[in-house]
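Reading through the structure tokens given below for one structure.
The values are calculated or read from the model by the stated rules, or taken from the named source; none is laboratory data. Treat the numbers as computed from the prediction; the structure is a model and nothing was measured. Every residue, glycine as well, gets a Cβ built from its backbone with ideal geometry; the counts of neighbours run over all protein chains shown.
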Amino acid sequence: MTIKRPYNFAPGPAALPEPVLEKASQEMLSWRGSGMSVMEMTHRGPLFADIHDRAIADLKSLLGLGSDHEVLFMQGGATAQNAIVPMNLLAQNVKADYVHTGHWSAKSIAEAKKYGDVHVVASAEAEQSDAASFGYVPPVEQWQPRADAAYLHICGNETIGGVEYHQWPDMNSLGLGSLPLVVDMSSHILSRPMNFDSLALAYGGAQKNIGPSGLTFVILKRSLIEEHAPKALPICPSVFDYRKVLENNSLLNTPSTFAIYIAGLVFEWLKDQGGVEAMGQVNATKAGLVYDLIDQSSFYSSRVRKANRSFMNIPFFLPDDRLYEPFLKGAQAEGLLNLKGHKAVGGLRASLYNAMPLEGVEALVAYMRRFEKEQG
Ligand SMILES: Cc1ncc(COP(=O)(O)O)c(C=O)c1O
């Protein structure tokens, strides 16, 4: 039976590809003839080992990781990583540099301050906090990182503000070729081809482009934890110590088994779609449809500079606050769900992760045009 489902524009947990949900439902009672649901399997047995190892291998291959990059599956979300990163990297050198581009980098900065000497190298916050705040990535030439810091942290895609790095900062141009770059990649991993060679560490919660919440991905260079920061702070819990997690192939304790299984199905689906190259093209088309409409209209507006606009999360605004309720009501009635903006910035937001089909974005844009005609 096929169920016609609405289009879900939620920022995360977010829509999953329908074929993945269908496959999981077929395999729910008995995974490939095993007589067990994946939820019922021991994480130490050969069946789960197969699911787990395949998911890691597929993620590595989708991201085109070289042999020096490892994938870890952890728990605690990106929020836990805000503490885990400094706990792992600041044992020998307490200096950590951060770029402040909005809500999520602010969270990372606040947490890191508990563990080290944190310096904000650049901030997009306007002097008087207003609508112009956090609408861009401060130009790299203006950053003032410390050459002797243990790492430099950025949020690759600010899910709430809709600000994305479309290229990684060129550390060589800053004269800081050896400063490890750490990226919160929660909301744009796998959205397009990305160069991991220059990244020391990337992390995020799975619940946007990878799978269910409860799973955290970490991609790190072996050399980062073998040479650059070979030990963690003594207070770092073992289960959060990258070296121990890596030594145990992410099976130090019971992992989020079902979430890993679903992530594996998402990776298989992504491979069938043509991988991150194909995703990047579709995602650019999807985002382009919404941004073109916003730019052509005097009714809708974006507060993010064009060069830094996110392809995954598009916050947008209406000319009159009284229009938000009817917009959301009308959208819901047309099967366009979860378009309310985050309370920190208000307005509306469309999240267009990999699982959002082009038709969903076309339906959104058609609705936006109609709404403008009726109310504009
Ligand atoms: C960019 C970014 N960083 C961090 C977080 C926090 O993630 P979690 O809820 O997995 O801790 C989110 C959540 O939406 C996010 O979008």
Out of 137, 163, 218, 182, sole residue that is β-branched (Val, Ile, Thr), within 18 Å of residue 116 (Cβ to Cβ) and within 16 Å of the ligand (Cβ to nearest atom): 182
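Take residue 23 and tell me if it is in a helix (DSSP H, G or I), out of contact with any Ser or Thr (no Cβ under 9 Å at 6 or more places or on another chain) and under 30 Å from residue 198 (Cα atoms).
On the way: in a helix (DSSP H, G or I): yes; out of contact with any Ser or Thr (no Cβ under 9 Å at 6 or more places or on another chain): yes; under 30 Å from residue 198 (Cα atoms): no.
No.
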Among the candidates 116, 77, residue that is touching a residue at least 12 places away in the same chain (Cβ under 8 Å), of a type outside the set (S, T, N, Q) and on the phi > 0 side of the Ramachandran plot: 77
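What residue, among those in the stretch 66-78 that are within 16 Å of the ligand (Cβ to nearest atom) and not in a helix (DSSP H, G or I), is nearest to residue 110 (Cα to Cα)?
First, pick out the residues of the stretch 66-78 that are within 16 Å of the ligand (Cβ to nearest atom): 72-78.
From what's left, not in a helix (DSSP H, G or I): 72-76.
Working: 72: 24, 73: 24, 74: 22, 75: 20, 76: 17 Å.
Top of the filtered list is 76.
Considering each residue of the stretch 91-123, count those that are assigned to a helix (DSSP H, G or I) and among the hydroxyl-bearing types (Ser, Thr, Tyr), and give that number. Even if it seems obvious, please write down each step before you answer.
So the first thing to find is which residues in the stretch 91-123 are assigned to a helix (DSSP H, G or I), and the list is 103-112.
Checking which are among the hydroxyl-bearing types (Ser, Thr, Tyr) leaves us with 105, 108.
Going through the stretch 91-123 one residue at a time, the tally reaches 2.
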Condition met for residue 81 (surrounded by 15 or more Cβ atoms within 10 Å (Cβ to Cβ), within 21 Å of the chain's Cα centre (by Cα), within 16 Å of the ligand (Cβ to nearest atom) and farther than 28 Å from residue 171 by Cβ): no
The stretch 132-151 residues that are in the same structural domain as residue 85 (by TED's automatic domain parsing) and within 25 Å of residue 228 (Cβ to Cβ), paired with ones that are among the hydrophobic types (A, V, I, L, M, F, W, C) and at pLDDT below 90 (beta carbon under 7 Å, 6 or more apart): 140/174; 143/174; 145/174; 145/176; 147/176
Matching residues in the stretch 160-187 - criterion: being charged (D, E, K, R) and over 19 Å from residue 149 (Cβ atoms): 164
Residues (within 16 Å of residue 309 (Cα to Cα) and polar (S, T, N, Q)) located in the stretch 169-185: none
